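Enquirer: Just dropping this structure here.
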Amino acid sequence: MKIFSSAKSYLLKNRLLIGIVVALACVTTACFLNRGNASAASVPDEVDYNYHIRPILSDRCFKCHGPDANKREADLRLDTEAAAYAALKDNPKLHAIVPGDLDNSAVWLRITTKDTAELMPPVESNLKLTEHEIALIEKWIKQGAKYKPHWAFIAPTTPKLPEVSDEAWPKNEIDRFTLAKMDENGLSPNEEADKERLLKRVALDITGLPPSFELQERFLKDKSENAYEKVVDELLKSKHYGEKMALPWLDAARYADSHGYQDDGLRTMWPWRDWVIHAFNQNYGYDKFVTWQLAGDLLVKQQGKKADDPAAKEMMLATGFNRNHKITQEGGVIDEEYRIEYVTDRTNTYGKTFLALTYECAKCHDHKYDPILQKDYYSAFAFFNQVPEKGLFGTIDANFADPPNMKITTKDVKDILKFVNKTDTAAVLVMVMQDKDTLRPTHILNRGNYDQLGDVVTANMPNFILPFNPKKYPQNRLGLAQWMLDPKNPLTARVFVNRVWQEFFGRGIVKTVGDFGMQGELPSHPQLLDWLAVDFRTHGWDIKRLVKQIVLSATYRQSSVITKEHLSKDPENVFLARAPRMRLPAELVRDLVLASSGLLNPEIGGPSVKTYQPKGLWESATSGRGILKTYVQDHGDSLYRRGMYVFIKRTVPPPNMLIFDASNRDQCEVKRSRTNTPLQALLMLNDPTVLESARVLAEKLTLEKSSVDDKISKAFRQIVCRQAKPKELDVIRKYFDEEKTALAKAPQKATKLLSVGEAPQARIPDRPSVAALMQTILMVYNLEEVIMK
Amino acid sequence: MKNEFLENRLNINRRHFLGKMTAGIGSVALGSLLVPDLFKGSGDDSDALPLGIPHFAPKAKRVIYLFQNGAPSQYESFEYKPMLNKMAGEELPASIRMGQRLTGMTANQAKFPLVGSHFKFAQYGQSGMWMSELFPNIANIADDLCMIKTMNTEAINHDPALTFMQTGAQQGNRPSMGAWASYGLGSENKNLPAFSVLLSRGKGNGQGVYSKLWTNGFLDSTHQGVVFSSGEEPILYLNDPAGTDRSARRKMLDNLSELNNMAYDDFGDPEIKAKVQQYEMAYRMQTAVPELTDLSKEPDHIIKMYGPECLVPGTFAANCLLARKLSEAGVRFVQLYHQGWDQHGNMVGEMPLQAKDTDRASAALITDLKQRGLLDETLVIWGGEFGRTNYSQGTATKDNYGRDHHPRAYCTFMAGGGVKPGTVYGETDDFGYNIVRDPVHINDFHATVMHLMGLNHEKLTYKHLGRRYRLTDVAGKVIPGLIA
């Protein structure tokens, strides 16, 4: 904390305030825990390249002494052992690193010199090494400066299950790994969560919906040993499972209902979204799920299927994944500039979604940190560069699905694509993938510019992941899918398993779910990640099985109570000695409100809906062209669809979603932020959807023959998913009584309150009572606990 | 050395602190919507302090960016090129065009006939700045302006050009300037967002705006620009529902926090305490924001200055007045977008309308700030996303013509906030087509604006997907010639 005390005097000298210092102190404490076990304040006995050194070298040195040959300084690279041990090019008597010999290691001399002209990293880079980092490097060189390959690029093998302190705690293999980590870090697991809270958590995690009143009752009464597993099985069978699983996939696939640039016209990709839900519900293996999306069209050809073959249609539809990127309709754009942009988007999305690599960083030059060369970027680009498409196909509303596309007719929906929720008679066009008959040559684009053509490359993937053997795989998207699913591919299974884990625990085992490269975080539980990855792959890439393993683990079932010990030892909950307490994603906030009031329309799929939205948002931003220039709200049942069906116009995304950190679907996104802002409070207090839900539930309960206390208890239980405590009920009841008295004195206020929303009002003469109950329910909706799981 | 070290620590800490706010423990929304009380010592009520620690003393504490969306023609506003009138109808010399790429709208045009301004120019102020007759009020404050003639960009279409101007990159979901300012400096006012956005529409050909122009990108979503709308509800979901008044709301919140505190006793999660604070802040915003956005109580001389249109909600004039009030109240970055500047045709008909909508209020805003002693610490920026061609799109007739997009040179002016007043910076050739002296690329412009705000554009970074991102990406240099 020496740094901190000097910072303090600096701050005070500069008349900055104590408050900042205090705040920084809290943060500094948290920083040290940030890298999990990687950076304890003391230097470990054995310094490991992957865990201790590479993160430092990568972050501070590789930009100039790494894989990018064009920007390499002094012709020195420190990312490979051979280069770091070799004689320096500009002074062959010296070596950057001499294992075990500090005094002859130029690296050591340059990071510790007092001469600012010599110091590394250079002063002008704005990068510095901390004393702790220098101490780590010192010890590493002394211990022989051993390099190791990057963990993520070595194929996972099944690790041995670790010894644990308490054999009785683990319920499955997951728990052995987490408990071993807790043991290492002096933590012990929380108790199992109480049944009510556990049920709420697992129901929301699997279906995205709160448990019904009936399910709550049933589960509480079921005293059998496997009561929880029975509920899990039931939830996994729910058709809402597919919706919940689809949600993060739609973020990765940047799914939206408009084209995204400037005029931002309508597109009709929703049948593809319906397919994703269907695929999860049918529990397609991840191998099939991925292959169809990447190469369904090529699979149809390879299997010699006819276009009207049922499987062929479904395979074609799945390829919509790669057409969800934004498309311009701005008159006057240069066609090729935008066509290249679309291929770029596909390439970047592929890298992030399937490989968790920041491919986009190698578009204009070799990657600065990972061994992805610019040539590698365009070799991957070549797979996606064969679509017979245009940068600018037509003006707005000329077409909702630029070619290549497929037509889905009413007959298709009746006979084949039964999961597509098309209710009107018009056929719907969906953009899909196709390759040109003659291959389009792919050039390296100098500095990433569409019109600066460099060398021609062919479709390929880098050797450091897994050599792409053209004898083994066709050089097209189908080959790409096969290469990904090769048991020797080190990334595919790990990346997906890690993202599924994130859905349940709020953070991935690798926290940077979109970056498994050198700059990504190290896994908090590397062996667990490998165990899960291998287990997943060798069990048919079975997604439901994976989900079940996770939710049945003792780790998942813990209570989320946070103790002082947790806060001091593991504030970020890296070691999972408690269940995470997390706010629901935007869509689920809406779902919970609608479901608990009984308003929810559980229909699955179909065209997206336009629900209540503050006036004028689309109109004030439009170019004035296209049918989306004005917002035409839907009515009736459509108003009560789940959050994932709320219409996403990319240039003006739905505010109730954005305020709760939903993706704007501009680009592939694999991790949302989770903020806590006053705008969220305003939304929960004033949004017509919440108010209407409160009103409808109040009316329903008022019509029931029960006491006021019973009504309040029931509302509480439906919304919070647990029984209220007596002291909670006291506060709520007191509030209800006061509201009722106040509203009885001002019945016109009651009438106004009850006027919200389009759902028909129940005929109840005692309006102040209903209105008071509505206010009470609104308050309950605003409890912090409600939208947390 | 020691200072550098400390400076670096502070920078890292600040970055960490801001970066960690959501995941952090007991974190509250910061940046755009923060609670500065946490950072202020009690009893200090001197000038509101920024959350972030500037890298050095800022000249501009706040920015008001009057974005002219669609690209106003420089030739009918601030770029006097009599050569174009002399050579009207003649072909643009290839030696001038030098292979400049063209948009799809004029790429197939057989001829590129030069066309001069239909409107008269004269010199104004001590500085003798040339101004077109369409902007008499701005002309009157010429000596307050720092006029850049040599802004330039690589984009030739609206969407990428606007995105470049606002986020430093043509493509990609990168944070907007205002979001960077919010991230770097935080808010000055506990009841208002640090980054506020106001939209208006003129009478000319328009191109729309997109929420990605005020996006937080990969920064925390608390740094997202908050749109103030002109309707009855200045911020989305701000108004209490019909039938609820302030005291009823207060009562609900009091009970709510009692219940939430019970939950805290159960769970011990500091997020619960943070949530209670957010509800309190929301409550305060509900009072503070409508008071601020109510323009009806402005004195007569102010209404006169901005023009009667300023009382019509949603006009550029109303937004200028609102911008002054927001800025005065401590909003770090107020971004206006005024649409309608895309004159591919009918320059003669539309340009005067667009100018009329903006001239008076723009000048009034600068004068108003000056009279309040705020101009020194408030940077006002006025300009679009690229320039327009010196040749006519379509045929130029005696009475009318149009101009296509031109990325190589265009005008933007700034005032206050530490810029050099009464200055013309940079020079283009006699055709206004190419820059002959002192170019200001968008990256340079961003670097300079950040510098004025006390931020080193190379040091204000955010690590995302393994890379440290900046508003200026990998380029940009501060332009000393713009700074007083």
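The values are calculated or read from the model by the stated rules, or taken from the named source; none is laboratory data. Please read these numbers as outputs of a predicted model, since none were measured by experiment. Neighbour counts run over all protein chains shown; Cβ positions are idealised from the backbone, glycine included.
Enquirer: Consider residue B:279 carefully, then state whether it is among the hydroxyl-bearing types (Ser, Thr, Tyr), more than 8 Å from chain A (Cβ to nearest Cβ) and either surrounded by 23 or more Cβ atoms within 10 Å (Cβ to Cβ) or in a helix (DSSP H, G or I) (or both).
Expert: Details: among the hydroxyl-bearing types (Ser, Thr, Tyr): yes; more than 8 Å from chain A (Cβ to nearest Cβ): no; either surrounded by 23 or more Cβ atoms within 10 Å (Cβ to Cβ) or in a helix (DSSP H, G or I) (or both): yes.
So residue B:279 fails the test.
Enquirer: Can you spot a residue in region A:714-724 that is among the charged types (D, E, K, R), more than 12 Å from chain B (Cβ to nearest Cβ), surrounded by fewer than 21 Cβ atoms within 10 Å (Cβ to Cβ) and assigned to a helix (DSSP H, G or I)?
Expert: Within region A:714-724, one or more residues are among the charged types (D, E, K, R), more than 12 Å from chain B (Cβ to nearest Cβ), surrounded by fewer than 21 Cβ atoms within 10 Å (Cβ to Cβ) and assigned to a helix (DSSP H, G or I).
Enquirer: For the structure I just gave you, tell me whether residue A:322 is under 25 Å from residue A:537 (Cβ atoms), away from every other protein chain (no Cβ under 14 Å) and crowded, with 22+ Cβ neighbours inside 10 Å.
Expert: In short, yes.
Enquirer: Show me the helices (runs of 4 or more DSSP H) found entirely inside region A:648-704 where at least 2 residues are surrounded by 24 or more Cβ atoms within 10 Å (Cβ to Cβ) and within 10 Å of chain B (Cβ to nearest Cβ). Let's see the steps before the verdict.
Expert: On the way: elements: A:655-658, A:678-686, A:688-703.
Filter on region A:648-704 gives A:678-686, A:688-703.
Enquirer: Looking only at region B:137-157, decide whether some residue is part of a helix (DSSP H, G or I) and of a type in the set (Asp, Glu).
Expert: Scanning region B:137-157 turns up at least one residue that is part of a helix (DSSP H, G or I) and of a type in the set (Asp, Glu).
Enquirer: Also, quick follow-up: Could you list, ordered by first residue, the pairs with Cβ atoms under 6 Å in which the first is in region A:547-573 and more than 12 Å from chain B (Cβ to nearest Cβ) and the second is among the acidic types (Asp, Glu), at least 6 apart or interchain?
Expert: A:553/A:175; A:554/A:175; A:555/A:175; A:557/A:192
Enquirer: Which one of the conditions (1) surrounded by fewer than 21 Cβ atoms within 10 Å (Cβ to Cβ); (2) within 30 Å of residue A:566 (Cα to Cα) does residue B:221 fail to meet, given that it meets all the rest?
Expert: Looking at each condition in turn, residue B:221 falls short on (1).
Enquirer: So which of B:311, B:322, B:292 ends up being without any contact (Cβ under 8 Å) to a residue 40 or more places away in the chain and within 24 Å of the chain's Cα centre (by Cα)? If you could, list the steps in order and put the result at the bottom.
Expert: Working: B:322 fails: without any contact (Cβ under 8 Å) to a residue 40 or more places away in the chain; B:292 fails: without any contact (Cβ under 8 Å) to a residue 40 or more places away in the chain.
From the options B:311, B:322, B:292, the qualifying one is B:311.
Enquirer: Condition first: outside any loop (DSSP other than H, G, I, E, B), out of contact with any Lys or Arg (no Cβ under 8 Å at 6 or more places or on another chain) and facing chain B (nearest Cβ under 9 Å). Now tell me which residues in region A:725-736 satisfy that.
Expert: Hits for region A:725-736 are A:727, A:728, A:731, A:732, A:734.
Enquirer: Would you pick out the residues in region B:92-126 that are free of Cβ contacts under 8 Å to residues at least 60 places away in the same chain and not in a loop (DSSP other than H, G, I, E, B)?
Expert: B:94, B:95, B:121, B:122, B:123, B:124
Enquirer: A follow-up question, please. For the condition modelled with pLDDT of 95 or more and surrounded by fewer than 24 Cβ atoms within 10 Å (Cβ to Cβ), what is the one hit in A:368, A:352? Can you show your working first?
Expert: Numbers: A:368 fails: modelled with pLDDT of 95 or more.
Answer to the selection: A:352.
Enquirer: Could you figure out which of (1) within 14 Å of residue B:67 (Cβ to Cβ); (2) more than 7 Å from chain A (Cβ to nearest Cβ) isn't true of residue B:194?
Expert: (1)
Enquirer: Please enumerate the residues belonging to region A:737-746 that are of a type outside the set (A, V, I, L, M) and either more than 10 Å from chain B (Cβ to nearest Cβ) or assigned to a loop (DSSP other than H, G, I, E, B) (or both).
Expert: Passing the criteria: A:737, A:740, A:741, A:745.
Enquirer: Looking only at region A:324-374, how many residues end up being under 18 Å from the mean Cα position of the chain (by Cα), part of a loop (DSSP other than H, G, I, E, B) and over 19 Å from residue A:269 (Cβ atoms)?
Expert: Looking only at that region, the number is 3.
Enquirer: Give the residues of region A:375-403 that are aromatic (Phe, Trp, Tyr) and assigned to a helix (DSSP H, G or I), sorted by residue number.
Expert: Hits for region A:375-403 are A:377, A:378, A:381, A:383, A:384.
Enquirer: Moving on. Can you name the number of the only condition in (1) crowded, with 20+ Cβ neighbours inside 10 Å; (2) within 8 Å of chain A (Cβ to nearest Cβ); (3) out of contact with any Phe, Trp or Tyr (no Cβ under 9 Å at 6 or more places or on another chain) that residue B:239 fails?
Expert: If we test residue B:239 against (1) crowded, with 20+ Cβ neighbours inside 10 Å; (2) within 8 Å of chain A (Cβ to nearest Cβ); (3) out of contact with any Phe, Trp or Tyr (no Cβ under 9 Å at 6 or more places or on another chain), just (1) comes out false.
Enquirer: Provide a single number: the residues in region B:316-339 that are under 19 Å from residue B:291 (Cα atoms) and outside any helix (DSSP H, G or I).
Expert: Within region B:316-339, the first condition is being under 19 Å from residue B:291 (Cα atoms), and the residues that meet it are B:317-332, B:334.
Of the ones still in play, those that are also outside any helix (DSSP H, G or I) are B:329-332, B:334.
Total meeting the criteria: 5.
Enquirer: What are the residues in region A:748-766 that are facing another protein chain (nearest Cβ under 10 Å) and either surrounded by 13 or more Cβ atoms within 10 Å (Cβ to Cβ) or under 40 Å from the mean Cα position of the chain (by Cα) (or both), if any? Can you show your working first?
Expert: At the first step, the residues of region A:748-766 found to be facing another protein chain (nearest Cβ under 10 Å) are A:748-756.
Within region A:748-766, A:749, A:750, A:751, A:752, A:753, A:754, A:755, A:756 qualify.
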